[in-house]
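Q: Before anything else, here's the structure in question.
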Amino acid sequence: MSSPHSQLTRLQLGVWTVAILNDTKPALRKAFDSFVSSLSIYRRVAYDIYNAERLISVLYLLCMLWEIVAPALVLYTSNDLLACIERSLQQGKPEAARICWNLGAHVFMSGISAIESWTRDTIAQPRLEMAFRLHCEFQLMQTHLNLDVPTSLNPLTRKKIRLESLAYLVIRVVETIIAFLQVITQVGLLMYLTSNSPVLLVLSLAEPIHSVTTRRTLYNTPHVSHTENSDYQRSNSLVAMSAPTFRSKVLSSNLVSYILDEYKRSSAILLSKGLSTSDSPREMYRLRLTPLNDIASAVLRDSNIVRGGTCHGYACLLAFS
């Protein structure tokens, strides 16, 4: 919730309270500005990873290239296949050679996509993730070893960085770039295929534009998250007491039964309130409270099929009337 003059929007996501800085920029402009401002960081990370794993980096780039052009190729062959079937029905003479060629192209591209997916998931991406993690660990070690003693004792400089989150963020950025380039290639193909049908072009672009403008993410949004839920804090404290650091004190004070009983009580309260205890408010923000946006995306995605079926159905009615 936020007042009309407030600069922050406060949300309650499970046990987390999130304050988000209000931004009046359109979603497309915001996404573009965020990408441009982060371009130098992405270029530096890509350069360092390439130097660490050159052969695997080239392999990963080839996989990305196929993921970018594959949807456009499938769209082109599907359009040509449907056009061949339509002409065959109208003329009463099947274009067997062209239909078989398009079907073979579909099978071939499906096989290449399967090989590409396996190569990316089992060879390229794990190796690059490991290279990225080792690179980040080296940079952190280099920074910590070069700190002076007073600065190294500052709690802010000793705060741990979750390398898994950094790797996840890099993967999401790569996926966003791939999706963006996929849209560009498909738009170019659609402009070529639908030069005489602007309505079809608009319907084809509606779903990607809707997806970009309605996407929920906190990774490129200034925000602060904290929790004031006493039961969640208490359960985390009880979990921390089971660590080896406090093992001797817990055993000597005979607190094992107390810790377990109190944890069960705190967990039962959280479950009874239906509060999510996810450790990532960013991921919780990505989820939506209602399926309305997913329904809209599905309808827009299938709008061309509905439009094509309606037009062909209407044409059949006119032909038989």
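The values are calculated or read from the model by the stated rules, or taken from the named source; none is laboratory data. Since the model is a prediction, treat every value here as computed from it, not as a measurement. Cβ placement follows ideal geometry from the backbone for every residue including glycine, while neighbour counts extend to all protein chains displayed. For accessibility, only protein heavy atoms count, side chains too; no ligands or nucleic acids. Shrake-Rupley method; radii C 1.70, N 1.55, O 1.52, S 1.80 Å.
Q: Quickly run through the stretch 88-112 and pick out the residues that are open to solvent by 80 Å² or more (accessible area, probe 1.4 Å) and more than 32 Å from the chain's Cα centre (by Cα). Spell out how you get there, then give the answer.
A: From the stretch 88-112, those open to solvent by 80 Å² or more (accessible area, probe 1.4 Å) are 89-91, 93-94, 97-98, 100-101, 103, 107-108; that's our starting set.
Leu89, Gln90, Gln91, Lys93, Pro94, Ala97, Arg98, Cys100, Trp101, listed by residue number.
Q: I need the full set of residues from the stretch 251-273 which are open to solvent by 70 Å² or more (accessible area, probe 1.4 Å) and of a type in the set (Gly, Ala, Ser), in order please.
A: Let us first name the residues in the stretch 251-273 that are open to solvent by 70 Å² or more (accessible area, probe 1.4 Å), namely 251-252, 254, 257-258, 260-261, 263-265, 271-273.
Listed by number, the residues that qualify are Ser252, Ser257, Ser272.
Q: Restricting attention to the stretch 228-257, report how many residues are farther than 29 Å from Arg10 by Cα and of a type in the set (Ser, Thr, Tyr).
A: Of the residues in the stretch 228-257, 6 are farther than 29 Å from Arg10 by Cα and of a type in the set (Ser, Thr, Tyr).
Q: Same structure again: Within the stretch 149-172, is even one residue in contact with a Ser or Thr (Cβ under 9 Å, 6 or more places away or on another chain), open to solvent by less than 60 Å² (accessible area, probe 1.4 Å) and either at pLDDT 80 or above or among the hydrophobic types (A, V, I, L, M, F, W, C) (or both)?
A: Keep residues of the stretch 149-172 that are in contact with a Ser or Thr (Cβ under 9 Å, 6 or more places away or on another chain), which gives 151, 157-158, 165, 172.
Subset that is open to solvent by less than 60 Å² (accessible area, probe 1.4 Å): 151, 157, 165.
Narrowing the set further to residues that are either at pLDDT 80 or above or among the hydrophobic types (A, V, I, L, M, F, W, C) (or both) leaves none.
Checked the stretch 149-172: no residue is in contact with a Ser or Thr (Cβ under 9 Å, 6 or more places away or on another chain), open to solvent by less than 60 Å² (accessible area, probe 1.4 Å) and either at pLDDT 80 or above or among the hydrophobic types (A, V, I, L, M, F, W, C) (or both).
Q: How many residues are loosely packed, with under 14 Cβ neighbours inside 10 Å, touching a Leu at 6+ places or on another chain (Cβ under 8 Å) and of a type in the set (D, E, K, R) when one looks only at the stretch 217-232?
A: Here the count works out to 0.
Q: Hey, another quick one. Give all pairs with beta carbons closer than 6 Å in which a residue from the stretch 264-286 that is among the polar types (S, T, N, Q) meets a residue that is open to solvent by 60 Å² or more (accessible area, probe 1.4 Å) and at pLDDT 80 or above; count only pairs at least 6 apart in sequence or on separate chains.
A: Filtered contacts from the stretch 264-286: Ser266/Arg234.
Q: Based on what the data block shows, is Ala72 farther than 30 Å from Ala52 by Cβ, in a helix (DSSP H, G or I) and touching a residue at least 40 places away in the same chain (Cβ under 8 Å)?
A: Values: farther than 30 Å from Ala52 by Cβ: yes; in a helix (DSSP H, G or I): yes; touching a residue at least 40 places away in the same chain (Cβ under 8 Å): yes.
Answer is yes for this residue.
Q: Condition check: in a helix (DSSP H, G or I), among the aliphatic types (A, V, I, L, M) and open to solvent by 70 Å² or more (accessible area, probe 1.4 Å). Does Ile115 satisfy that? If you could, list the steps in order and put the result at the bottom.
A: Numbers: in a helix (DSSP H, G or I): yes; among the aliphatic types (A, V, I, L, M): yes; open to solvent by 70 Å² or more (accessible area, probe 1.4 Å): yes.
Taking the combined requirement at face value, the residue satisfies it.
Q: So, one more: Under the condition of being aliphatic (A, V, I, L, M) and surrounded by 14 or more Cβ atoms within 10 Å (Cβ to Cβ), which residue from the stretch 238-250 is modelled with the lowest pLDDT?
A: Taking the stretch 238-250 first, the residues aliphatic (A, V, I, L, M) are 238-241, 243, 250.
Keeping just the survivors that are surrounded by 14 or more Cβ atoms within 10 Å (Cβ to Cβ) gives 238, 241, 250.
Details: Leu238: 85, Met241: 84, Val250: 79.
Residue satisfying both the conditions and the ranking: Val250.
Q: So if I check each of Leu59, Leu65, which one is open to solvent by 70 Å² or more (accessible area, probe 1.4 Å) and either at pLDDT 80 or above or of a type in the set (D, E, K, R) (or both)? Can you show your working first?
A: Values: Leu59 fails: open to solvent by 70 Å² or more (accessible area, probe 1.4 Å).
Only one candidate passes the filter, namely Leu65.
Q: Got a sec? Which of Arg127, Arg120, Arg133 is in contact (Cβ under 8 Å) with a residue 60 or more places away in the chain and open to solvent by 80 Å² or more (accessible area, probe 1.4 Å)? Spell out the reasoning first.
A: Values: Arg120 fails: open to solvent by 80 Å² or more (accessible area, probe 1.4 Å); Arg133 fails: in contact (Cβ under 8 Å) with a residue 60 or more places away in the chain.
Matching residue, one of Arg127, Arg120, Arg133: Arg127.
Q: To continue, here is another question. Please verify whether Ser235 is in contact (Cβ under 8 Å) with a residue 24 or more places away in the chain, outside any helix (DSSP H, G or I), farther than 30 Å from Gln186 by Cα and open to solvent by less than 90 Å² (accessible area, probe 1.4 Å), treating the condition exactly as stated.
A: Values: in contact (Cβ under 8 Å) with a residue 24 or more places away in the chain: yes; outside any helix (DSSP H, G or I): no; farther than 30 Å from Gln186 by Cα: yes; open to solvent by less than 90 Å² (accessible area, probe 1.4 Å): yes.
No: the conditions fail for Ser235.
Q: Checking the condition touching a helix residue (DSSP H, G or I) at 6+ places or on another chain (Cβ under 9 Å) and either surrounded by fewer than 14 Cβ atoms within 10 Å (Cβ to Cβ) or at pLDDT 75 or above (or both), which residue from Ser211, Ser195 passes? Please lay out each step first, then the result.
A: Numbers: Ser211 fails: either surrounded by fewer than 14 Cβ atoms within 10 Å (Cβ to Cβ) or at pLDDT 75 or above (or both).
On inspection, the qualifying residue turns out to be Ser195.
Q: Using the structure shown, decide if Val183 is assigned to a helix (DSSP H, G or I) and either over 13 Å from the mean Cα position of the chain (by Cα) or at pLDDT 70 or above (or both). Steps first, answer last, please.
A: Details: assigned to a helix (DSSP H, G or I): yes; either over 13 Å from the mean Cα position of the chain (by Cα) or at pLDDT 70 or above (or both): yes.
Taking the combined requirement at face value, the residue satisfies it.
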